[in-house]
Amino acid sequence: MGLDFSRISDKLVYILSGIIDTMQFTLLSACVGFLGGALLALIKISDNRPLKGLAVFYTSIFRGTPLILQLTLIYFSIPQLTGYDISPLGAGVIAFGLNSAAYTSETIRAGILAVDKGQREAAIALGIPYRKMMIDIIFPQALKNILPALVNESINLLKDSALVSVIGVTDVLRRANIVAAEKFIYFEPLLVAGLLYYVMVIGFTAAARRFERRLRRSD
């Protein structure tokens, strides 16, 4: 009844190779979420009421429905509605990216509004165009303030990426379940999967803290 990792020793490399799919999915989703969130945040602080209303409605939809529902809806409905077969990885990136954008937009919006208003007033007084002001002055300062929150969102993406296993993405969890079904043991392969997720989160957190320290020293 004890642990016997020797029974899955020939499958460890197979489970480990799932890290590639997991990290690829996480990084792509994080990029989509950050870019989408930045765009939504700028719309929310703009004076365009129709666009602002759409951005708020978008956020409420993705924050008010389960992520697993969004994932399966995108994966199964796109082929039905368009006749185009989307890959499991593509569906996962779209679902997680759009979901992350909703949460990230609020974080970025709060960060932008937290920047001293004097910075914006000085830029306007100097005649700096709005776009250049946001990119070169406001956004870099906001990024330093919201970086911890963005890191937390990325870590959540990494952990929640296990959900894509339900639509067939061969990530770490999916591979661990395949091995478990082949070997008729579940605890050992799932324990290995849990350890891999833990190591990835710790590594990502350490890299993010190092990046944050570099940003702080650049002030």
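The values are calculated or read from the model by the stated rules, or taken from the named source; none is laboratory data. All of these numbers come straight from a predicted model, not from anything done at the bench. Neighbour counts are summed over all protein chains in view; Cβ atoms, including those assigned to glycine, are modelled from backbone coordinates with ideal geometry.
For first residues located in region 35-58 and of a type in the set (Phe, Trp, Tyr), partners that are surrounded by 14 or more Cβ atoms within 10 Å (Cβ to Cβ) and lie 6+ apart or on another chain with Cβ distances below 7 Å form the pairs TYR58/LEU40; TYR58/ALA102.
Applying a threshold of 9 Å to beta carbon distances and a minimum spacing of six or more residues, or different chains, the list of pairs starting in region 107-132 at a residue that is closer than 17 Å to LEU40 by Cβ and at pLDDT 85 or above and ending at one that is not polar (S, T, N, Q) and not in a helix (DSSP H, G or I) reads ARG109/ILE45; ILE112/ILE45; LEU113/ILE45. Taken over region 1-29, the criterion of being of a type in the set (Gly, Ala, Ser), over 30 Å from ARG109 (Cα atoms) and assigned to a helix (DSSP H, G or I) is satisfied by SER6, SER9, GLY18.
Just for region 202-217: of the residues that are touching a Lys or Arg at 6+ places or on another chain (Cβ under 9 Å) and not basic (Lys, Arg), which one is surrounded by the fewest Cβ atoms within 10 Å (Cβ to Cβ)? Let's see the steps before the verdict.
Residues of region 202-217 that are touching a Lys or Arg at 6+ places or on another chain (Cβ under 9 Å), as a first pass: 212, 215-216.
Imposing the further condition that a residue be not basic (Lys, Arg) reduces the set to 212, 215.
Details: GLU212: 15, LEU215: 13.
The residue in question is LEU215.
Just so you know, in region 76-94 the residues that are among the aliphatic types (A, V, I, L, M) and surrounded by 12 or more Cβ atoms within 10 Å (Cβ to Cβ) include one that is farthest from the chain's Cα centre (by Cα), and it is ILE78. Inside region 164-190, can you point out the residues that are without any contact (Cβ under 8 Å) to a residue 40 or more places away in the chain and either of a type outside the set (A, V, I, L, M, F, W, C) or touching a Leu at 6+ places or on another chain (Cβ under 9 Å) (or both)? Matches in region 164-190: SER165, ASN177, ALA180, TYR186, LEU190. Look at (1) closer than 30 Å to LEU195 by Cβ; (2) in contact with a Pro (Cβ under 9 Å, 6 or more places away or on another chain); (3) surrounded by fewer than 20 Cβ atoms within 10 Å (Cβ to Cβ) and you find that ILE20 fails only one, number (2).
Of everything listed in (1) at pLDDT below 85; (2) hydrophobic (A, V, I, L, M, F, W, C); (3) farther than 21 Å from LEU27 by Cα, the single unmet condition for ALA180 is (1). Among all residues of region 64-75, there is at least one that is crowded, with 16+ Cβ neighbours inside 10 Å, of a type in the set (Val, Ile, Thr) and either more than 14 Å from the chain's Cα centre (by Cα) or part of a helix (DSSP H, G or I) (or both).
The condition of being touching a Leu at 6+ places or on another chain (Cβ under 9 Å), over 14 Å from GLY33 (Cα atoms), assigned to a helix (DSSP H, G or I) and not hydroxyl-bearing (Ser, Thr, Tyr) holds for ILE112. Checked against (1) assigned to a loop (DSSP other than H, G, I, E, B); (2) in contact (Cβ under 8 Å) with a residue 60 or more places away in the chain, LEU158 meets all criteria but (1). Within region 162-173, the set of residues being surrounded by 22 or more Cβ atoms within 10 Å (Cβ to Cβ) and at pLDDT 90 or above comprises VAL164, ASP171, VAL172, LEU173. Of the residues making up region 30-48, just one is assigned to a helix (DSSP H, G or I), among the β-branched types (Val, Ile, Thr) and over 19 Å from the mean Cα position of the chain (by Cα), namely ILE43.
Residues in region 188-201 that are surrounded by fewer than 15 Cβ atoms within 10 Å (Cβ to Cβ) and either small (Gly, Ala, Ser) or more than 21 Å from LEU163 (Cβ to Cβ) (or both): GLY194 only. GLN141 falls short on exactly one of the conditions (1) over 29 Å from ILE68 (Cα atoms); (2) among the polar types (S, T, N, Q); (3) modelled with pLDDT of 90 or more, and that condition is (3).
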